[in-house]
Amino acid sequence: MLDKNGIAKRIAREVKDGMYVNLGIGIPTLVANYIPAGVNVVLQSENGILGMGPFPFEGEEDADLINAGKQTVTLLDGASIFDSAMSFGMIRAQKVNLTILGAMEVSENGDIANWKIPGKMVKGMGGAMDLVASAKNIIVAMQHVNKAGESKLLPKCELPLTGIRCVKKIVTELAVLDILPQGGFRLLERAPGVSVEQIKNATLGALMIEGEIPEMSI
Amino acid sequence: MINRVVKNAEDAVRDITDNMTLLVGGFGLCGIPENCISALVKKNIKGLTCISNNAGVDDFGLGLLLQTKQIKKMISSYVGENAEFERQMLSGELEVELIPQGTLATRCLAAGYGMPVIYTPAGVGTEVAIGKEVRTFTYNGETKEYLEEKAFEANFAIVKAWKGDTAGNLIFRSTARNFNPMMAMAGKITIAEVEELVEVGQLDPNQIHTPGIYVHRIFQGEKYEKRIEQVTVRKRG
């Protein structure tokens, strides 16, 4: 079973040299820590940065330089700054190659719910709806089951949707899966020490299992 | 050159009155028009509709106008980090319309470019699409559904820039740019407060982000607090 850093580490292997990548808040942010040396990627922050760097050294924070999570950050050499319309323009025009974000639920046809729980304080969708509606390649980092042990990989999302038929790949504490074009979760890899049976029991949506499922190497 | 300079924030917001719609620049607390927000608090006008990506925090940014109950409606993409906001929203005192961030930016852009509507895939198949026209377009070989979204119509836009000149030309600094340029373009009347106001000829025309034609009033703000919402740092070495 993977912890949060394990999920981030596994997703980092999906990040290829030369990609422009948007990382969501939470586990996706951790992915930046595990991108292998020699793989050059440019991180996009939707408030208007390409080439986002790490947090600043203490005392060097700049109130005018924050990321989409409102945290102080730095710029790498070659970075650029732009306005919010251009930021979502490059997202909509599919110039950003990969979007990694968290989810509360994903359905077997690739629908995603991650912004609203009815009856709880609603904070808003921020840029998530724009990202999932346009990105060509969306990887979701999420927990396979909730605290009550109920599956979050469902035949149909129960929570209000963020986007439809958009998720391509999912990495959870138990498995790596992709969404088949005709619908259904296809099991690709098991987390270390996790059996196919465990994954079956934790997945409520249609699950395709073909042949021997390898244990992931991270 | 046409001179766009006004004395101060009070002068700039002099004719903003009850029940008007305002576009307010900034992302979180970054690049917000601090002086104009203070002037609006002092003026105590009510019933405002504010279009702004966020709603500030309890004691700063648009949170100040929420404390004094001057805002009737917020149109934003993300509104966490504000207890008073939450209280007013749950009690029904405050109307809130949540829209996708890119939609918010592009509806400003459309207003500044003279286009009444835009089409975006953001929100298709979600509750954001309720009551909106959906069109199907094939573009670059991909057939998708798009929502029709309208250009904003706001009485005033209030933005913050780093430098400006007396003709209203603006330069923004770092990610404090965010929504400011497109909101500047979208106001029927646009007010810009700047950290440094210079004479015409002092800014390089090649470096201007927002041309003065979009800016009706400009002044040099004072005592910028530039509060940071989340200070995140790393250790040296």
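The values are calculated or read from the model by the stated rules, or taken from the named source; none is laboratory data. Quick caveat, the model's predicted, so the values are computed rather than measured. Note that we place each Cβ from the backbone using ideal geometry, even for glycine, and neighbour counts take in every protein chain shown.
If you go through the range A:91-105 one residue at a time, how many are aliphatic (A, V, I, L, M), more than 10 Å from chain B (Cβ to nearest Cβ) and more than 12 Å from the chain's Cα centre (by Cα)?
1
Of all the residues that make up the range B:202-237, how many are facing another protein chain (nearest Cβ under 7 Å) and hydrophobic (A, V, I, L, M, F, W, C)?
3
For residue A:42, indicate whether it is of a type outside the set (Lys, Arg), buried (at least 18 other Cβ atoms within 10 Å of the Cβ) and within 30 Å of residue A:194 (Cβ to Cβ). Explain how you work it out, then say what you get.
On the way: of a type outside the set (Lys, Arg): yes; buried (at least 18 other Cβ atoms within 10 Å of the Cβ): yes; within 30 Å of residue A:194 (Cβ to Cβ): no.
Taking the combined requirement at face value, the residue does not satisfy it.
If you check residue A:88 against the conditions, is it closer than 20 Å to residue B:108 by Cβ, free of Cβ contacts under 8 Å to residues at least 60 places away in the same chain, surrounded by fewer than 23 Cβ atoms within 10 Å (Cβ to Cβ) and facing chain B (nearest Cβ under 8 Å)?
no
Among the residues of the range A:191-218, which ones are within 18 Å of the chain's Cα centre (by Cα) and under 20 Å from residue A:105 (Cα atoms)?
The one that is within 18 Å of the chain's Cα centre (by Cα) and under 20 Å from residue A:105 (Cα atoms): A:191.
When residues of the range A:47-62 are filtered for being in contact with a Ser or Thr (Cβ under 8 Å, 6 or more places away or on another chain) and at the interface with another protein chain (Cβ under 7 Å from one of its Cβ atoms), how many remain?
Looking only at that region, the number is 8.
Which of the residues that make up the range B:25-77 are part of a loop (DSSP other than H, G, I, E, B) and within 11 Å of the chain's Cα centre (by Cα)?
B:25, B:26, B:28, B:31, B:32, B:33, B:52, B:53, B:54, B:55, B:62
Just wondering, is there one or more residues in the range B:186-197 that are part of a loop (DSSP other than H, G, I, E, B) and either more than 14 Å from chain A (Cβ to nearest Cβ) or at pLDDT below 95 (or both)?
no
Which of the residues that make up the range B:1-14 are surrounded by fewer than 24 Cβ atoms within 10 Å (Cβ to Cβ), part of a loop (DSSP other than H, G, I, E, B) and touching a residue at least 24 places away in the same chain (Cβ under 8 Å)?
Within the range B:1-14, the first condition is being surrounded by fewer than 24 Cβ atoms within 10 Å (Cβ to Cβ), and the residues that meet it are B:1-8, B:10-11, B:14.
Among the residues that remain, those that are also part of a loop (DSSP other than H, G, I, E, B) are: B:1-4, B:6-8, B:14.
The answer is B:1, B:2, B:3, B:4, B:6, B:7, B:8.
Considering (1) under 14 Å from the mean Cα position of the chain (by Cα); (2) within 14 Å of another protein chain (Cβ to nearest Cβ); (3) farther than 27 Å from residue B:33 by Cα, say which one residue A:13 fails and leave the rest.
Of everything listed in (1) under 14 Å from the mean Cα position of the chain (by Cα); (2) within 14 Å of another protein chain (Cβ to nearest Cβ); (3) farther than 27 Å from residue B:33 by Cα, residue A:13 misses just condition (2).
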